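Working notes, structure below.
FYI, it's all coordinate maths here, none of it is from the lab. Since the model is a prediction, treat every value here as computed from it, not as a measurement. Heads up, the Cβs are rebuilt from the backbone with ideal geometry, glycines too, and the neighbour counts pull from every protein chain shown.
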């Protein structure tokens, strides 16, 4: 659905990692809904297994929660790949970051929630937003 937020991998990791100071904020964002893609799900699975040391049962449970809150992960397509190549070339982004940006564009999201890419940068209709930046209040 247009206008939604797209989650990058780090948002999912923080929502499930115990003891991370960003966890509460990430959980709130995930609970509020959004969209994610299969690349994000793949990266989440890899990080959960390799870095967090989770067993497959824990990973399956977390992925069920993600799907419940964000719906089925959007697939990678040849069109997304082509768009990502163009974004990587013209936007000077690493290719796998460009794939996530292209997936967010294809999903018609306005915001890509990410800690890893340049906050405020725009690609087509998508603005990169780091939700963990402290704003003066």
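When the alpha carbon gyration tensor of the range 5-129 is reduced to an equivalent ellipsoid, its three semi-axes come out at 24, 15, 14 angstrom, largest first. For the range 80-137, the extents of the C-alpha atoms along the principal axes are 41, 21, 14 Å, listed from largest to smallest.
Helical content of the chain, expressed as a calculated mean residue ellipticity at 222 nm, amounts to -16500 deg cm²/dmol (DSSP H runs of 4 or more residues, -39,500 (n - 2.57) each, divided by residue number, nearest 500).
The angle between the Cα long axis of helix 56-70 and the longest principal axis of the Cα atoms of the chain comes to about 50 degrees, rounded to the nearest 10. Estimated from the Cβ-Cβ distance and a Förster radius of 22 angstrom, the FRET efficiency linking residue 25 and residue 56 is about 0.20.
Taking 0.36 nm per residue of sequence separation and removing the Cα-Cα distance, the residue 110/residue 95 pair yields an extension gain of 3.4 nm. The long axis of helix 23-32 is offset from the longest Cα principal axis of the chain by roughly 70 degrees. Relative to the longest principal axis of the Cα atoms of the chain, the long axis of helix 78-91 lies at roughly 70 degrees. The relative contact order of the chain comes to 29 percent, based on Cα pairs under 8 Å that sit 6 or more residues apart.
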